[in-house]
Amino acid sequence: MRVFMTGATGFIGSAVVEELKAAGHQIEGLARSDAAAATLVGWGVAARRGDVGQPQILAEAAAAADGVIHCAFGNDFSQYIQAGETDLAAVTAMAEALAGSGKPLVVTSGLTARTPGRPSTEADAADLDSMTAVRGRPEEAALAFAARGVRASVVRLSPSVHDRAQQGLVSMLVAAARGGGFAAYVGEGQNRWPAVHRRDAARLFRLALEDAQPGQRLHAVGEEGVRLRDIAEVIGARLGLPVRGLTPEEAAAQLGFVGFVAVTDMPASSALTRESLGWRPEHPGLIAGLRGDYLD
């Protein structure tokens, strides 16, 4: 399959590229710089110059491909709302270009459902009444094209997509610990974050491209929920730092963007994903990685 990818040189996208190549797919990646284009070419990937903020370029690339995987999203959290608007425009442009084709469109999202008292599942729609709407609106826009002849699916990523190089939002907690001299959790630290290894997430993107049903939500969740206190304690132990519980107000002031997320309890199930696509996480869990070589 000829696959157009955004975010192909990113932390997750680069692992998806390796997964797709190993399965025999051909890839064209969006490159917003000469350096990114050179990186793609070095990997044996065709490069198309452009940016996710250029919907026309995205539409042209999507129309010429057999399928699309959209991994790009802004990583400047001071521009988080604006990144969501750009993402919505990008998803809409590519989906419109694929309308009526039956081709796959795989869109990256977060765990956008809010289900207090129970883990969220793939059957739960995105919460569009809070900050989750930043990722939730593009998610819903993509899935709506299932009724317009696009095999659109969404991969919802855990807040910690991890390997030795990065650990998603947990990397922010590590950076805050190193900068502040202590590892932190909020309140009693009983709130939970799902986690998934980067390689397991990449395999799910390939399976979604190949076999996801139109309108399907998929959860890249290897671990349903890892307690924030457990994360803080292993960070403190590995870095030789004390561990402290913060109030929500202290967390917002001292931890930056991740402080607002650190108060959330967001366990999530991937049972439906595993059942429908035969996806089975195989790599080490988050705490095992943190205790191992992640913080070396």
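Would you please give the FRET efficiency between Glu249 and Ala271, computed as 1/(1 + (r/R0)^6) with r the Cβ-Cβ distance and R0 = 51 Å, to the nearest 0.05?
Details: r = 36 Å, r/R0 = 0.71.
The computed FRET efficiency comes out at 0.90.
Could you work out which residue, out of Val45, Val106, Val221, moves most in a Gaussian network model of the chain, that is, has the largest mean-square fluctuation with Cα springs under 10 Å?
Val45
Could you give the length gained on full extension between Ala35 and Lys21, defined as 0.36 nm per residue of separation minus the Cα-Cα distance, in nm?
3.0 nm
Can you list residues whose amide H is under 5 Å from His197's amide H, if they're 5+ apart or on another chain and H is modeled 1.01 Å from N?
HN-HN under 5 Å from His197: His162, Gly222.
Over the stretch 104-253, what is the relative contact order in percent, taking alpha-carbon pairs closer than 8 angstrom and at least six residues apart?
Details: 272 pairs, mean separation 42.2, N = 150.
The value is 28 percent.
Hey, can you grab everything whose amide H is under 5 Å from the amide H of Ser120? Only 5+ residues off in sequence or another chain; H modelled, so Pro and N-termini drop out.
Ala268, Ser269
So, R0 is 41 Å and r is the distance between the beta-carbons of Asp293 and Gln56; what FRET efficiency does that work out to, to 0.05? Can you show the working numbers first?
Values: r = 44 Å, r/R0 = 1.07.
E between Asp293 and Gln56, to the nearest 0.05, is 0.40.
Considering the chain as a Gaussian network with a 10 Å cut-off on Cα pairs, which listed residue, Pro267, Pro248, Pro138, attains the greatest mean-square fluctuation?
Fluctuation is largest for Pro248.
Pull out a ≥ b ≥ c, the square roots of the eigenvalues of the alpha-carbon gyration tensor of the stretch 50-141, then state rounded if a/c is under 1.5, prolate if not and a/b is larger than b/c, and oblate in the remaining case. Display every interim value, and only then the final one.
On the way: a/c = 2.70, a/b = 1.48, b/c = 1.83.
Here the stretch 50-141 falls in the oblate category.
Suppose each label sits 7 Å from its Cα in the direction of the beta carbon; what would the Arg114-Arg178 distance come out to in nanometres?
Taking the simple label geometry, Arg114 and Arg178 are separated by 3.3 nm.
With charges set only on the Cβ (+1 for Lys and Arg, -1 for Asp and Glu), what does the dipole of the chain come to about its Cα centre, in debye to the nearest 20?
Values: 28 positive and 33 negative charges, 75 e Å.
Dipole about the Cα centre, nearest 20: 360 debye.
Counting Lys and Arg as +1 and Asp and Glu as -1, what is the net charge of the other residues whose Cβ lies under 11 Å from the Cβ of Glu282? All intermediate terms of the calculation are to be shown ahead of the outcome.
Numbers: positive: Arg199, Arg203, Arg280; negative: Asp200.
Local net charge: +2.
Along the Cα→Cβ direction, 7 angstrom out, place labels at Arg199 and Val263. What is the inter-label distance in nm?
Label-label distance for Arg199 and Val263, simple model: 3.8 nm.
Tell me the Rg and the Dmax, in Å, that the Cα atoms of the chain produce.
Cα-based Rg and Dmax for the chain come out at 18.7, 57 Å.
Between Ala125 and Ala99, what FRET efficiency follows from the Cβ-Cβ distance if R0 is 22 Å, with the result rounded to 0.05?
Values: r = 22 Å, r/R0 = 0.99.
E between Ala125 and Ala99, to the nearest 0.05, is 0.50.
In the Gaussian network model of the chain, springs joining C-alpha atoms below 10 Å, which of Glu19, Glu140, Glu60 carries the largest mean-square fluctuation?
Of the options given, Glu60 has the highest mean-square fluctuation.
Quick one: grab the alpha carbon gyration tensor of the stretch 149-296, order the square roots of its eigenvalues as a ≥ b ≥ c, and give me rounded if a/c is under 1.5, else prolate or oblate depending on whether a/b is larger than b/c. Write down the numbers at each step before the final one.
Values: a/c = 2.61, a/b = 1.92, b/c = 1.36.
Prolate shape, in that a/c is at least 1.5 and a/b is the bigger ratio.
What number comes out for the charge environment of Val107, summing +1 per Lys or Arg and -1 per Asp or Glu over other residues with Cβ under 12 Å away?
Values: positive: Arg135, Arg137, Arg151, Arg156, Arg217; negative: Asp87, Glu139, Glu140.
Local net charge: +2.
FYI, it's all coordinate maths here, none of it is from the lab. This one's a predicted model, so the numbers in the text were calculated from it and none came from an experiment. Neighbour counts run over all protein chains shown; Cβ positions are idealised from the backbone, glycine included.
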